[in-house]
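Since the structure comes first, as structure tokens, the remarks are kept for the end.
The values are calculated or read from the model by the stated rules, or taken from the named source; none is laboratory data. On a predicted model such as this, the values are computed, not experimentally measured, just so you know. Neighbour counts are summed over all protein chains in view; Cβ atoms, including those assigned to glycine, are modelled from backbone coordinates with ideal geometry. These accessible areas exclude ligands, DNA and RNA; they are computed on the full protein's heavy atoms, side chains included. Shrake-Rupley method; radii C 1.70, N 1.55, O 1.52, S 1.80 Å.
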Amino acid sequence: MKGLFKNLNFREMGKRLWHALTGHLWLKLLSLLFAIILWIYIIDSTPSLTRSKHMSGLSISVTGTSSLNVYGLALATDVYSEYQGEISAVVEAPQNQLSRVTRGSIDVSLDVSNIRVEGTYDVPLLAESRFGTVTKLYPDSVTVHVESLDSRDMPIEVNLNGMDTEHYWYNVETDSVNPQQITVSGPMSVVQTVFGIRAQLDVSDQTASFRRSALVSLLDQSRETIPTSRLLKKSASTCAIKVDIYPKKDLSVVLDPSQLGVADGYEITSISFMPPTITVAAEPDLLEDLEHLPLKIPDKLKNASPTKSFTETLSFSNLSEFKYVSSKQVYMTVTISEIQDTNLLSDIPVKTFGLPDGLTAMLSADRFSVQVTGPRSQVAELESGDVYAYVDLTGLSAGTHELPIVIGNNPELSYASLTPSTIKVTLEEAAVAAPENQTEE
């Protein structure tokens, strides 16, 4: 055996093998090409040559819901979300079409048209492939719940986002929303969770009125969005909305006191308003030079002769050009007081008050003058004797004291320029009379 291997020339054998493989290479490649073409031809011309392909992640489409609605029923199971991507199928297709079998070429449907009463049903699934035949389906049926059909008409609420409420006024009139309401129908358990319909518009950077379409969404009791896959909206899912936008301005409420009547001898000391300012919205040209709103003054206030303060409700005039007025009325409070006069009284007597027992008082002056200011009706008739003035000696001891003059009169009056404003009071012990001599017996 060893001798045999010694006689073999491995290098020579390798050369011969390489020459066999590479010799006539073009003929060999041509043969391979013909084999491929022949195989393709056999596949294309032999439809009976098939293969199976497994497809997962399929979805279900529901048919026959209109038939349910005819019988007052609605599908309560959210088939779309519960079985989305959960269906698998095996498709047997001709070899030449196998690559065209995709998720999009397979239709899986659930037909509920034969259901006539409420309840829970196990409904078989139907599947078709546009290329080949569906031989297996997993699962081959699904469980659905059918309820009574309910319907509800609800108005659309418009929600504006991005408003600049400091400088602009925004408004959406009910009749500027088209449509103004949407009819929502579906299974009773779902429809009863709908508490509102909202349309949202972004008004950022908008400074003028505009019209735009907006999507609507259904809201539950907590104002959260409700998925609509189990609901049938008989109206459009969008609405057209016109939004009014105008610049706004705060205007003060003012009134010239001369426009109001007042009794002789009386005057208006103050006028206040509630609210003190009114917010208005209008075209920019109208607001540019406007500082206050004109008030309507009724004739009863112009010709009245009040002597006491009062409150009156007033309205504004010429509001037709404004798009918005925060309040069309104000409460006006008018403070009225009698005209103040001043009278100089002289020769007013000064009395003493609180003289301690056992003391006598001597005043450096027992008369003074004072300037009295107060309501005209009181000051005009005031005389010197009507002013009560005194010095308070309470708790003082014998000696000389300089005391202020105290005036204890009507609190509506004020006193000034007392002359003198203080006086000296000398307190002395009173002399005790000597007892009479008794006659001796």
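Some points to look at:
- Asp392 vs. criteria of a type outside the set (Gly, Ala, Ser), on the phi > 0 side of the Ramachandran plot and either open to solvent by 30 Å² or more (accessible area, probe 1.4 Å) or touching a Lys or Arg at 6+ places or on another chain (Cβ under 7 Å) (or both): no
- The residues of region 230-264 that are open to solvent by 60 Å² or more (accessible area, probe 1.4 Å) and assigned to a loop (DSSP other than H, G, I, E, B), listed by number, are Arg230, Lys234, Val254, Asp256, Asp264.
- For region 253-280, the set of residues classified as under 26 Å from the mean Cα position of the chain (by Cα) and of a type in the set (S, T, N, Q) consists of Thr277, Thr279, listed by residue number.
- Entirely in region 326-392, the strands (runs of 3 or more DSSP E) that have 3 or more residues that are within 60 Å of the chain's Cα centre (by Cα): 329-338, 340-353, 367-375
- The residues of region 393-420 that are touching a residue at least 40 places away in the same chain (Cβ under 8 Å), more than 29 Å from Ala263 (Cβ to Cβ) and part of a loop (DSSP other than H, G, I, E, B), listed by number, are Leu393, Thr394, Gly395, Leu396, Ser397, Ile405, Pro420.
- Condition broken by Glu291, with the remaining ones in (1) open to solvent by 90 Å² or more (accessible area, probe 1.4 Å); (2) farther than 30 Å from Ala208 by Cα; (3) charged (D, E, K, R); (4) under 38 Å from the mean Cα position of the chain (by Cα) satisfied: (2)
- Going through (1) in a loop (DSSP other than H, G, I, E, B); (2) closer than 12 Å to Lys249 by Cβ one by one, Ile278 falls short only on (1).
- Scan of region 100-127 for residues that are open to solvent by 50 Å² or more (accessible area, probe 1.4 Å) and more than 17 Å from Ser56 (Cβ to Cβ), ordered by number: Arg100, Asp111, Asn114, Arg116, Val117, Glu118, Thr120, Tyr121, Asp122, Pro124, Leu126
- Scanning region 135-147 for residues that are among the β-branched types (Val, Ile, Thr), surrounded by 13 or more Cβ atoms within 10 Å (Cβ to Cβ) and within 16 Å of Glu86 (Cβ to Cβ) gives Val142, Val144.
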